[in-house]
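These notes are about the structure you will find just below.
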Amino acid sequence: MPVEENSNSLQLFDPQIAKAIEDEKRRQQDKLILIASENCVSNAVLQAQGSILTNKYAEGYPGQRYYGGCEYVDTIEELARIRATDLFGVDHANVQPHAGALANLAVYVAVLQTGDSVLGMDRAHGGHLTHGSPVNISGMYYNFYSYGVDPDSGYLDMEEVRRMAKKVSPRLIVAGASAYSREIDFSAFHDIAREVGAYLMVDMAHIAGLIAAGLHSNPAPFADFITSTTHKTLRGPRGGLILCRQQFARAIDKAVFPGIQGGPLMHIVAAKAVAFKEADTEEFRLYQEQVLKNSRALAKEMIEMGFELLTGGTDNHLILVDLRSKNISGQEAESLLDEVGITVNKNAVPFDEESALVTSGIRLGTPSVTSRGMKEKEMETIAQLINDTLESRQDPLAISKIKRTVREMCADHPLYQDIIS
Ligand code: DSN
């Protein structure tokens, strides 16, 4: 059978996978996705990502490949690199990392020796798995120490960062978080790194879209290395990105390939290029402004409903809710909320006494619902629905009513035009 004929018939050839994709599409349409690291991409990004570029091997870099026939993928990768460097104002971009975790690993491989000291944010305080968790390769191969947030305010404690940096003399300091709702002071991190003679890496994965839109300070003037994913606030395809000063370009490129990866995923690189182009538009800037407005509106309403938020609010796209005063675990809240159609993730709060699988908090983010066109009014309703769900968990009638309201809100804000509710 000609490949085209075969590949046009997913439904006929593999109905199980076709059905699972349709079911997932329906799930995304019918639920309010408040997972702070998720978003929904444009049709242009989807088109590039689902293209025939998946057929091409292109180990190496534009102009220096290990395979023939790379003239068009060279164009694509060059466009992606130029757009990324222009967007964030940096010298060099490597657009090949398959994921944020691999972008981080590539920086470690480029600048560290096994056993070197590194200072990163405590995962239990909002840091990331790849910032030195003992179960991750970062924590296994390097000697990670951690800094955390102030126990009273919940804000990053820069004096603690300085104290730790002086104590452990790290070769690298990692700034950036996956569950921290306040602006990060990259200039202060830079000063501390210089004081102790360390490199500074900023993992901007969560806030990359806000930075691209000029709504969060840009780490470019301060960091030696910037890593990111491309699929969170940046709203591109699932993947990673490294930005750096020119002096580190060669070391970073070598660390990505042949250091830790083989062939790049050229369909993803093309989709990244599309996303960088989208991020350079006025429409994207307005979208990010709305992400922030929505996050603040959600925070305000949650506080009015009696929820405790870490740091008492937010400067970015996410909020962290401490559920200890509500007498419910993060795990139970996640499951109850998903049941009514509100998808969140349980999240440890700083100084949490529960295990990582139970936790005392939930993390809520606004990128995905904002991509669907929801605004402050909908955020107020969502806060009310979250409160009602947790308060009425024993009341099947109230729960049915909440489910109906969620469905109606989702139907009013279609995810993609071809999904008709
Ligand atoms: N797992 C992502 C998050 O949810 O924040 C980070 O990689």
- Assess whether residue 82 counts as being modelled with pLDDT of 95 or more and more than 13 Å from residue 269 (Cβ to Cβ). no
- Query: Do the conditions hold for residue 232, that is, is it farther than 22 Å from residue 366 by Cα, open to solvent by 10 Å² or more (accessible area, probe 1.4 Å), touching a helix residue (DSSP H, G or I) at 6+ places or on another chain (Cβ under 8 Å) and among the basic types (Lys, Arg)?
  - Reply: no
- Give me the pairs: first residue in the stretch 327-349 and under 23 Å from residue 123 (Cβ atoms) and within 13 Å of the ligand (Cβ to nearest atom), second residue of a type in the set (Gly, Ala, Ser) and assigned to a strand (DSSP E or B), beta-carbon distance under 6 Å, and six or more apart or on different chains, which are they? 347/361
- Item | Positions within the stretch 105-123 being in a helix (DSSP H, G or I) and more than 14 Å from the ligand (Cβ to nearest atom), in sequence order | 106, 107, 108, 109, 110, 111
- Here are 43, 39: which of them is open to solvent by 20 Å² or more (accessible area, probe 1.4 Å) and farther than 30 Å from residue 147 by Cβ? 43
- Query: Condition test on residue 368, is it outside any loop (DSSP other than H, G, I, E, B) and surrounded by fewer than 17 Cβ atoms within 10 Å (Cβ to Cβ)?
  - Reply: no
- Task: Within the stretch 388-417, track down each residue that is open to solvent by 100 Å² or more (accessible area, probe 1.4 Å) and closer than 23 Å to residue 23 by Cβ.
- Result: 404, 407, 408, 412, 417
- Message: Restricting to the stretch 80-103, and then to whatever is over 11 Å from residue 255 (Cβ atoms), in a helix (DSSP H, G or I) and within 16 Å of the ligand (Cβ to nearest atom), can you tell me which residue is least open to solvent (accessible area, probe 1.4 Å)?
- Response: 100
- Message: List pairs: first residue in the stretch 205-225 and modelled with pLDDT under 95, second residue within 16 Å of the ligand (Cβ to nearest atom) anywhere in the structure, Cβ distance under 7 angstrom, at least six positions apart or on different chains.
- Response: none
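The values are calculated or read from the model by the stated rules, or taken from the named source; none is laboratory data. Model, not experiment: these values are computed from the prediction. For neighbour counting, all protein chains shown are included, and Cβ atoms are generated from backbone atoms with ideal geometry for every residue, glycine included. With ligands, DNA and RNA removed, areas are computed over all heavy atoms of the protein, side chains included. Shrake-Rupley method; radii C 1.70, N 1.55, O 1.52, S 1.80 Å.
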